[in-house]
Amino acid sequence: MTAKKKVVITMIEPRNRLAVISSARKAAFKILLAVERGQSHSDDLLRERAVNVLSSPDRNLATALVLGVLRWQIQLDHQIHALLSRPNAKLDPEILIAMRLGAFQLLHLDRIPARAVLSESVELAKQSGHRFAAGLVNAVLRKLAKSLQPAEKAQGDALQAAENKMILEDFDEDHRSGPKGPVDYAEVAARLKSCPVTKQLSETNSTGFSAAGSGAEEKLPEESIAELALAQAHPAWLVERWVDFYGLEATRKLCRHGQSQPLLAVRLVSPDVEAELTQAGIVLEAGEVLSAARTVVAGDVTATEAFREGRVRLQDEGSQLVAEIASKNPDQKVKSILDACAAPGGKTLILAERNSTAHIVAFEASASRLAQLRKRLAFLGDRVECRQADAATLAEDAVFDLALADVPCSGTGTLGRNPEIRHRLRPEDLPRQAERQKAILAAALRVLRPGGRVVYSTCSLEPEENEQVIAAVLAATPKARMVSLGDRIGELLCEGILTPEGVERLRGALTPDGNLRLLPGVFRTDGFFIAMIERTA
């Protein structure tokens with residue numbers, strides 16, 4: 001009798017079955033691709049339902065990936081292209097985003113295994129319709145990972161060689177084209193150049209993913225404008241401007257601030273809220289200049305009852321300072337206030353806190369932002385009137401006692417918070433911004449009664465949007481004069497709004513004309529320019 005053979009059945013995964021990509025990486029990929037194509041902004045996309053439905057860890061990772069890639073994109077692209085056989089080759093957006101995501105994780109996040117980074121980056125390329133370019137993504141990222149591990153064993157070289165050979169064999173001839181057409185991914189993958197990659201350290205961020213690196217890596221030099229721009233992933237044209245205006249050392253601080261996770265600042269509506277937050281496990285430290293400001297050191301303040309009820313609000317301390325300066329109302333004599341560009345409403349709320357008997361009119365040109373503004377300010381009832389209007393075209397004359405013109409601007413003082421600005425801003429955008437800013441400031445002065453004052457502010461670091469706007473409007477408005485903010489700083493100290501330490505810091509930030517300039521890196525806030533102008537007749 002013949003014995004039966006034992007049959008062993010091996011299950012083979014179907015080649016067309018999609019591998020699983022983590023929800024966080026998939027969401028980050030889609031957001032970065034939309035930003036790359038100019039379809040939307042990251043701050044809007046990160047607040048959409050596709051991100052909000054993620055678990056808290058996945059939401060944190062998705063946010064870290066999106067902001068981290070945008071923050072380091074200039075340097076990441078330099079490192080990626082240095083590993084290509086044709087460094088000037090134009091990669092398809094999907095392939096470039098997959099590589100940027102992988103490179104950022106390898107270089108800047110140390111809690112994510114390299115194998116997971118490579119695997120999911122390759123799958124992102126495949127599932128975005130670039131199956132034949134997935135090998136290139138794998139090869140480039142493996143090369144990058146290997147450059148960070150100089151002690152890797154020789155068998156890694158053999159694995160790499162075999163992998164590149166496989167790329168050549170599997171690559172479909174139909175997807176190749178000439179040197180001026182789409183990238184020949186197989187050729188690029190097969191001829192990856194040897195290129196040392198310097199690891200750039202970044203700050204530990206609030207997402208819970210700490211920066212990669214042990215501190216032993218050599219940092220990129222920052223002596224010249226070009227070196228600083230690459231080392232800190234900022235556009236060279238912007239770095240050159242800042243060096244001209246502020247000097248090389250101040251520009252280094254600006255750029256380094258732009259590469260760090262912004263501090264989470266909050267405003268306490270009343271002093272007793274701090275004890276409540278502490279009891280809820282929130283660790284706070286004093287603000288830099290304002291007595292009502294705090295920095296969140298640990299804990300999720302948005303999960304507290306105080307946050308849900310509006311007794312503590314998220315707001316950059318520099319933004320709070322703008323509204324505090326504008327709220328000059330001795331003996332509550334100010335009865336009508338204009339907030340010319342009010343959304344999202346944080347400064348409007350401070351105006352309402354400090355001017356309890358005044359009627360505030362809040363203008364907003366965008367219908368969607370106006371709806372959000374009305375919802376946020378609804379609890380104030382008739383004290384605040386929200387209108388859809390373009391502040392540059394106001395026709396009223398002499399109807400307000402006080403105005404705040406926190407005008408739309410380039411936002412170059414907020415690159416740490418809004419890193420994508422550096423990629424879409426162009427030098428020619430600044431004069432266009434300035435024309436609108438002049439129109440808004442001139443209109444704000446026109447609607448003031450004689451003796452009324454307007455506070456003009458931007459979150460820009462560019463003179464075209466700041467000093468030059470003020471000078472142009474004053475030249476065209478004889479019945480207006482600059483008011484130094486030195487006296488206002490002293491008043492805010494007497495009112496208990498500024499801390500004594502804050503007063504000294506702010507006095508050191510006064511310009512020769514008496515304006516305030518908060519430079520990121522010098523202050524822990526976003527960058528702001530603040531000026532006060534009085535209508536004299």
**Prompt:** Got a number for residues in the stretch 447-486 being within 21 Å of Lys347 (Cβ to Cβ), part of a helix (DSSP H, G or I) and not aliphatic (A, V, I, L, M)?
**Reply:** 1
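So, Pro478, is that one touching a residue at least 12 places away in the same chain (Cβ under 8 Å) and more than 24 Å from Asn329 (Cβ to Cβ) or not?
So Pro478 fails the test.
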**Prompt:** Can you pull out the residues in the stretch 261-288 that are more than 27 Å from the chain's Cα centre (by Cα) and surrounded by 20 or more Cβ atoms within 10 Å (Cβ to Cβ)?
**Reply:** Val273
**Fill in**
Checked pairs for the stretch 325-343, first surrounded by 18 or more Cβ atoms within 10 Å (Cβ to Cβ), second assigned to a loop (DSSP other than H, G, I, E, B) and hydroxyl-bearing (Ser, Thr, Tyr), C-beta under 8 Å and 6 or more apart or across chains, list as Ala343/Ser366
**Asked** For the stretch 122-142, how many residues are without any contact (Cβ under 8 Å) to a residue 24 or more places away in the chain and not in a helix (DSSP H, G or I)?
**Response** 0
**Request:** Just one of (1) within 30 Å of Leu268 (Cβ to Cβ); (2) in a loop (DSSP other than H, G, I, E, B) trips up Arg517, so point out which.
**Result:** (2)
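Report yes if some residue within the stretch 82-91 is assigned to a helix (DSSP H, G or I) and within 25 Å of Arg422 (Cβ to Cβ); otherwise report no.
Here is the first cut: in the stretch 82-91, the ones assigned to a helix (DSSP H, G or I) are 82.
Cutting the leftovers down to within 25 Å of Arg422 (Cβ to Cβ) gives us 82.
Yes, the stretch 82-91 contains a residue that is assigned to a helix (DSSP H, G or I) and within 25 Å of Arg422 (Cβ to Cβ).
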**Item:** Residue list for the stretch 97-110, filter: of a type in the set (D, E, K, R) and at pLDDT below 95
**Value:** Asp110
**Complete:** Within the stretch 429-458, the residues that are under 18 Å from Gly411 (Cβ atoms) and touching a Lys or Arg at 6+ places or on another chain (Cβ under 9 Å) are Ser457
**Request:** Please work out if Glu249 is surrounded by fewer than 16 Cβ atoms within 10 Å (Cβ to Cβ), of a type outside the set (Val, Ile, Thr) and out of contact with any Leu (no Cβ under 6 Å at 6 or more places or on another chain).
**Result:** yes
**Prompt:** On the given criteria, is Glu465 surrounded by fewer than 21 Cβ atoms within 10 Å (Cβ to Cβ), modelled with pLDDT of 95 or more and of a type in the set (Asp, Glu)?
**Reply:** no
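Confirm whether Gly38 is at pLDDT 90 or above and assigned to a loop (DSSP other than H, G, I, E, B).
Details: at pLDDT 90 or above: yes; assigned to a loop (DSSP other than H, G, I, E, B): yes.
The answer is yes for Gly38.
Looking at the structure I just gave you, is Glu94 at pLDDT 90 or above, part of a helix (DSSP H, G or I), surrounded by fewer than 22 Cβ atoms within 10 Å (Cβ to Cβ) and under 29 Å from the mean Cα position of the chain (by Cα)?
Details: at pLDDT 90 or above: yes; part of a helix (DSSP H, G or I): yes; surrounded by fewer than 22 Cβ atoms within 10 Å (Cβ to Cβ): yes; under 29 Å from the mean Cα position of the chain (by Cα): yes.
Yes, satisfied.
Run down Ser224, Ser291 and say which single residue is surrounded by 12 or more Cβ atoms within 10 Å (Cβ to Cβ), without any contact (Cβ under 8 Å) to a residue 12 or more places away in the chain and over 24 Å from Ala378 (Cβ atoms). Break it down stepwise before answering.
On the way: Ser291 fails: without any contact (Cβ under 8 Å) to a residue 12 or more places away in the chain.
Just one listed residue meets the conditions, Ser224.
The values are calculated or read from the model by the stated rules, or taken from the named source; none is laboratory data. Quick caveat: nothing in here was measured; it's all calculated off a predicted structure. With ideal geometry, Cβ positions are generated from the backbone for all residues, glycine too; neighbour counts draw on all protein chains shown.
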